[in-house]
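Undergrad: I have a structure I would like to understand better, so I am pasting it below and will then ask my questions one at a time.
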Amino acid sequence: IAELAGTERDASEDEIRRIRKYVAERGFDPNALERVRVRGARIVWRGRTLRGRDQLPPAEAHYVRHVLARLEWTTGTTLFEFLHIIEQVVRDESGAVLLSKYAGRLQIGFLTRTGYWKGPEGEDWTLVDFRHEIDHIATAYQVTSPERVAHQSQRSDVQWLKHPSA
């Protein structure tokens with residue numbers, strides 16, 4: 001991933017395939033903790049009402065924020081399904097791949113159409129962002145379009161390794 005950053009060369013299909021496999025296998029960091037933040041506050045999770053300062057493993061924190069609080073995914077989506085969807089987005093060979101810096105940190109994003117998993121407040125595309133420095137997925141959420149991701153204010157040095165299909 002770091003070798004491709006800033007080179008402006010096209011990545012080979014084999015390189016993209018290896019990156020997809022690597023990221024899919026890494027997932028969220030199982031040993032880290034992340035604040036639930038305001039979005040996840042007041043959600044009941046595992047029998048307790050969460051507060052913004054509560055900490056959960058990153059996979060659970062993102063599930064609480066994006067599936068339970070923001071209703072981006074289909075109602076009833078389980079944590080297991082959420083994690084499976086994320087893996088499928090990363091592995092989707094027809095999906096887009098975007099190398100960039102987000103807030104100065106090297107990231108690689110995977111985007112594919114949301115389809116069936118679009119919830120009441122969901123969007124048409126799902127983004128999974130892998131942060132190079134932590135060697136794990138940093139976030140996964142639904143977005144209106146790949147172009148919106150590429151033009152986020154904190155995102156720079158955008159390099160499409162694979163462009164999104166129409």
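The values are calculated or read from the model by the stated rules, or taken from the named source; none is laboratory data. Here the structure is a predicted model, which is why all the values come from computation and not from measurement. Quick reminder, even Gly has a Cβ in these numbers, built from the backbone with ideal geometry, and neighbours come from all protein chains shown. In case anyone asks, the SASA skips ligands and DNA or RNA and just uses the protein heavy atoms, side chains included. Shrake-Rupley method; radii C 1.70, N 1.55, O 1.52, S 1.80 Å.
Undergrad: Over the chain, what percent of the accessible surface lies on carbon and sulfur atoms, probe 1.4 Å?
TA: So the carbon and sulfur contribution to the accessible surface is 48 percent.
Undergrad: So if the hydrodynamic radius of the chain is defined as the Kirkwood radius over C-alpha pairs, what does Stokes-Einstein give as its diffusion coefficient at 20 °C and 1.002 mPa s, in µm² per second?
TA: Reported coefficient: 133 µm²/s.
Undergrad: For residue 157, tell me the accessible area in Å² from a 1.4 Å probe, rounded to the nearest 10.
TA: Surface open to solvent at residue 157 totals about 100 Å².
Undergrad: May I pose another question? Pick out which of 66, 84, 136 has the largest mean-square fluctuation in a Gaussian network model of the chain, springs linking Cα atoms closer than 10 Å.
TA: 84
Undergrad: So for the stretch 9-104, averaging the separation of alpha carbon pairs under 8 Å that are six or more residues apart and normalising by length, what relative contact order in percent results?
TA: Dividing the mean separation by the residue count of the stretch 9-104 yields 25 percent.
Undergrad: Once Rh for the stretch 69-144 is found with the Kirkwood sum over Cα pairs, what is the Stokes-Einstein diffusion coefficient at 20 °C and 1.002 mPa s, in µm²/s?
TA: Rounded to a whole number, D works out at 169 µm²/s.
Undergrad: Given axes a ≥ b ≥ c from the Cα gyration tensor, I'd like to know whether the stretch 19-110 is rounded (a/c under 1.5), prolate (a/b larger than b/c) or oblate.
TA: Since a/c reaches 1.5 and a/b is larger than b/c, the shape of the stretch 19-110 is classed as prolate.
Undergrad: Would you kindly calculate the translational diffusion coefficient of the stretch 61-110, applying Stokes-Einstein with the Kirkwood radius from alpha carbon pairs, for 37 °C and a viscosity of 0.692 mPa s, and quote it in µm² s⁻¹ without decimals?
TA: 265 µm²/s
Undergrad: Would you mind calculating the relative contact order of the chain from Cα pairs under 8 angstrom and at least 6 residues apart, reporting the percent as a whole number?
TA: About 23 percent, as a whole number.
Undergrad: Another one. Quickly work out the residue 151-to-residue 75 label distance, labels modelled 7 Å from Cα along the C-beta direction, and quote it in nm with one decimal.
TA: 3.4 nm
Undergrad: Taking loop as defined by DSSP and a crowding limit of 13 other beta carbons within 10 Å, which GluC sites (Glu not before Pro) in the stretch 57-153 fit?
TA: 93, 121, 133
Undergrad: Only Lys, Arg, Asp and Glu count, each charged at its Cβ (+1, +1, -1, -1), so figure out the dipole size of the chain about its Cα centre, rounded to 20 debye.
TA: Result for the chain is approximately 800 debye, rounded to the nearest 20.
Undergrad: In Å², and per residue, what accessible area does the chain have when probed at 1.4 Å with the other protein chains present?
TA: Result: 54 Å² of accessible area for each residue.
Undergrad: Identify the trypsin sites (Lys or Arg not before Pro) of the stretch 78-166 meeting these criteria: DSSP loop state and at most 14 other C-beta atoms within 10 Å of the C-beta.
TA: none
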